[in-house]
Structures are given as C-alpha cells and as structure tokens.
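What follows is a set of notes on a single structure, which appears directly below.
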Amino acid sequence: MTTLFIVGTDTEVGKTVVTSALAAYWQTYRPSQSLGIIKLVQTGTGDAEHYQRLWPDVEVVNPLRYDTPVAPPVAAERENRPIPLNQVWQGLNDLQQRKKTRFSGGTGGLRFSCYLGVNCG
C-alpha cells in the first residue's frame with residue numbers, strides 16, 4: 001500500500017495539476033489497481049470536485065471542508081470552527097483500508113498554523 005503526498009508551499013503552485021497528472025497516468029497504465037484520491041482539507045469548491053469530475057469511478061475523499069474559499073486556518077477562524085486534525089487523519093486511515101494506492105493533494109501551511117494559535121482540535 002502506498003500513499004503519495006503532493007505538497008507545495010503555497011496556493012496555485014501546481015499540487016492539483018501534479019495530482020491530476022499522476023491520477024491520469026494511473027488510470028491509463030494501471031487501471032486494474034485500486035486508486036483513491038484524498039483532499040485532506042478543502043476550502044470552497046475545488047479539487048475534490050475536479051477529481052470526481054475527471055474520474056467518476058475513482059474514490060475521492062474529503063474529510064474536512066470549509067465553505068469560505070481562503071486558506072484553511074483563515075476559513076476555520078471565519079467560520080468559527082476548529083481544524084480537527086483527528087478527523088483528517090481518520091479519513092486518510094479509512095481510505096488506506098479500502099484502496100491500495102492513494103494520492104493526496106496537500107494543504108500548505110496547515111500544521112504551522114496550529115502553532116500560531118489556530119484551534120487544530
């Protein structure tokens with residue numbers, strides 16, 4: 001079982017593009033091997049819907065979502081909600097039980113924000 005995390009230090013640096021390219025490759029050259037995609041934390045509408053639209057037969061998981069389309073710590077603060085990292089971890093663990101290979105488009109700056117006083121559950 002393999003989980004590949006695609007990370008970047010900012011928004012709009014290509015995490016979604018790289019994740020999409022890897023998933024397209026996987027679907028083309030390894031269609032018999034189970035694939036799951038997880039967007040650990042999403043704000044607004046975006047990656048999870050993008051992946052599901054491109055690959056309707058691939059399981060796409062998004063364990064934590066905020067409506068406000070800004071960085072997760074800012075969205076959590078604006079929506080007066082914590083960032084429950086245990087919920088994110090459980091989503092990843094659950095997907096690991098169901099799919100042999102997982103790709104995860106990262107959420108930059110989330111862990112650092114916990115040290116700055118954002119409630120990270």
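The values are calculated or read from the model by the stated rules, or taken from the named source; none is laboratory data. Since the structure is predicted, the reported quantities are computational estimates derived from the model, not experimental observations. Counting neighbours? That spans all protein chains shown, and the Cβs are built from the backbone with ideal geometry, glycine included.
Observations
- Within region 28-46, residues that are in contact (Cβ under 8 Å) with a residue 40 or more places away in the chain reach partners that are buried (at least 21 other Cβ atoms within 10 Å of the Cβ) and part of a loop (DSSP other than H, G, I, E, B) with beta carbons closer than 6 Å, at six or more positions or on different chains, in the pairs 34/99; 36/99; 40/107; 41/107.
- Selection within region 56-73 - modelled with pLDDT under 90 and surrounded by 16 or more Cβ atoms within 10 Å (Cβ to Cβ): 71, 72, 73
- Every listed requirement among (1) within 13 Å of the chain's Cα centre (by Cα); (2) more than 12 Å from residue 106 (Cα to Cα); (3) outside any loop (DSSP other than H, G, I, E, B) is met by residue 23 save one, (1).
- Check on residue 73, farther than 21 Å from residue 94 by Cα and in a helix (DSSP H, G or I): yes
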